[in-house]
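All remarks here apply to the structure that follows.
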Ligand SMILES: Nc1ncnc2c1ncn2[C@@H]1O[C@H](COP(=O)(O)OP(=O)(O)O)[C@@H](O)[C@H]1O
Ligand SMILES: [Mg+2]
């Protein structure tokens with residue numbers, strides 16, 4: 001027995017259909033069409049294709065709430081699902097159909113956050129039940145949560161280029177790599193990220209942090225400033241006389257909600273705010289510590305590194321030494337001695353970067369100096385140095 005569903009209104013991004021189906025054969029398509037019809041889904045889009053064509057399509061379009069893809073005949077279905085995970089919104093429910101009755105594949109796909117795997121010929125009642133669970137949001141019991149990656153960008157002192165790095169890295173991942181990205185600017189009295197992105201900050205971030213109980217999907221959809229197709233910003237511009245009291249619990253609660261909706265969550269974190277959120281820095285994340293090459297920064301870097309501690313399998317620190325060679329820079333050996341170790345990534349001081357920055361994000365993205373400087377960090381964050389392998393599946397989806 002199946003009931004017509006009430007699909008939550010926050011189901012998908014504007015412009016997205018509720019359900020997309022990429023299967024090559026008419027028999028499977030017919031069974032799925034019947035299952036969706038019995039659930040009252042009127043806007044399902046059927047494409048004669050598979051997981052590969054779905055990946056290609058979703059790199060250009062908003063993700064549906066439910067995605068059904070076929071992996072039949074693919075040499076490596078798990079790798080195809082890896083690639084799909086990278087471009088698909090994290091909160092999309094994914095059902096995979098294939099031609100292999102293979103428990104190893106089944107486990108890999110489940111572990112990667114795929115809601116269900118069916119081998120052909122698919123059974124109508126099972127497909128209906130799985131589609132219903134995804135569309136009503138009843139996923140928790142059956143699939144591990146798929147979550148994004150948290151990237152803290154912490155400038156150890158003001159002016160070292162943390163916002164420039166956060167904004168441009170986030171933008172690149174969204175625009176060139178088609179990742180769903182949220183940038184949260186916790187410098188609520190500066191509002192610099194909004195400035196660099198040519199948008200006006202609101203008071204939404206303050207509201208989210210002061211009233212975490214109000215933050216739900218609808219709040220996020222209203223509050224997030226949509227910068228471009230795949231990148232949103234949460235920011236506020238508050239009066240200097242009325243600072244926001246940032247509580248770690250409220251911040252964690254906000255992050256939890258963002259993790260289900262975005263592939264990357266960048267947190268632009270001034271050092272004064274970071275000091276209020278110390279335990280949060282220990283959560284699974286990448287912490288990009290940004291300094292310039294001054295003695296003051298070298299000392300602060302050593303202190304932050306010591307506080308954060310060594311890398312773990314879930315959490316790593318990357319030291320970006322920005323504005324290298326600017327007046328007042330220490331020689332490399334002296335900087336390394338004072339900071340405790342050399343930087344992981346060095347970005348030279350280049351006037352072209354500050355000039356380009358004044359032109360807003362589109363101008364900044366034209367800067368070859370910035371592009372070159374950020375390339376190693378981008379490779380690190382998108383895991384490009386490492387060929388994706390099976391054990392990474394869980395990290396990509398989860
Ligand atoms: N590598 C660089 N070379 C030259 N100028 C830079 C570089 N990185 C950042 N800047 C400039 O430094 C200034 C401060 O950058 P910003 O990102 O606002 O720092 P923060 O967020 O750490 O306070 C900006 O004018 C920016 O254009
Ligand atoms: Mg800043």
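The values are calculated or read from the model by the stated rules, or taken from the named source; none is laboratory data. If you're wondering where the values come from, they're calculated on a predicted model, not measured in any experiment. Backbone-built Cβ (ideal geometry, glycine too); neighbour counts: all protein chains shown.
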Practice prompt. Grab the helices (runs of 4 or more DSSP H) fully contained in region 152-263, keeping just those with 2 or more residues being farther than 27 Å from residue 324 by Cβ.
Written response: 204-210, 217-223, 248-259
Worksheet item: What residue, among those in region 357-368 that are at pLDDT below 90, more than 16 Å from ligand 2 (Cβ to nearest atom) and touching a helix residue (DSSP H, G or I) at 6+ places or on another chain (Cβ under 8 Å), is farthest from residue 176 (Cα to Cα)?
Response: 363
Fill in: Scan of region 168-193 for residues that are farther than 14 Å from residue 381 by Cα and touching a strand residue (DSSP E or B) at 6+ places or on another chain (Cβ under 8 Å), ordered by number
175, 182, 183, 184, 185, 186, 187, 188, 191, 192, 193
Discussion item. Considering only region 52-64, I want to know if a residue exists there that is under 19 Å from residue 100 (Cβ atoms), surrounded by fewer than 24 Cβ atoms within 10 Å (Cβ to Cβ) and touching a helix residue (DSSP H, G or I) at 6+ places or on another chain (Cβ under 7 Å).
Written reply: yes
Response to the item:
Scanning region 305-339 residue by residue, those in contact with a strand residue (DSSP E or B) (Cβ under 7 Å, 6 or more places away or on another chain), part of a helix (DSSP H, G or I) and within 22 Å of residue 374 (Cα to Cα) turn out to be 305
Practice prompt. Please identify the pairs in which a residue from region 176-195 that is more than 21 Å from residue 274 (Cβ to Cβ) and not assigned by TED's automatic domain parsing to the domain that holds residue 89 has its Cβ atom under 7 Å from the Cβ atom of a residue that is assigned to a strand (DSSP E or B) and away from ligand 1 (no atom under 12 Å from the Cβ), counting only partners at least 6 apart or on another chain.
Written response: 179/264
Worksheet entry | Residue selected from region 333-347 under the condition surrounded by 15 or more Cβ atoms within 10 Å (Cβ to Cβ) and more than 15 Å from residue 299 (Cβ to Cβ), by the criterion nearest to ligand 2 (Cβ to nearest atom) | 347
Worksheet item: So how many residues does region 72-129 have that are in a helix (DSSP H, G or I), under 20 Å from residue 17 (Cβ atoms) and touching a residue at least 40 places away in the same chain (Cβ under 8 Å)?
Response: 4
